[in-house]
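Peer 1: Have a look at this one before I ask anything.
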Amino acid sequence: MKRNESIAKPMKEPNESSKIKLLSKQVLELQKALEKANLKINGLETLIQVSEEELKIKIRKKHGAKQSKE
């Protein structure tokens, strides 16, 4: 190879500690999103349960029930 030929340098990758920080931040964000989703699910399940008890109606579908065709 000649001296004046330019060698394509690979793009500089973030160092390992910055990758770890980025991944840790992503993990925390995903944990918060999961916690929020679980709280929402619990709230909705409680709402359905109380509604079924108070209004004496079935809101949830029976497992394996077929949908009616209209």
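Peer 1: Do me a favour and compute the ellipsoid semi-axes for segment 19-61 from its Cα gyration tensor, root of five times each eigenvalue, largest one first, whole Å.
Peer 2: 37, 7, 4
Peer 1: Could you give the length gained by full extension between residue 54 and residue 16, i.e. 0.36 nm per residue of separation minus their alpha carbon distance, to one decimal place?
Peer 2: 8.0 nm
Peer 1: Highest mean first, how do 53-61, 18-26 rank when packing is the count of other Cβ atoms within 10 Å averaged over residues?
Peer 2: Output ranking for 53-61, 18-26: 18-26, 53-61.
A short reminder: the numbers here are calculations on the coordinates, not readings from a lab. The structure displayed is predicted, hence computed values, not measured ones. Glycine also receives a Cβ, built like all others from the backbone with ideal geometry; neighbour counts cover every protein chain displayed.
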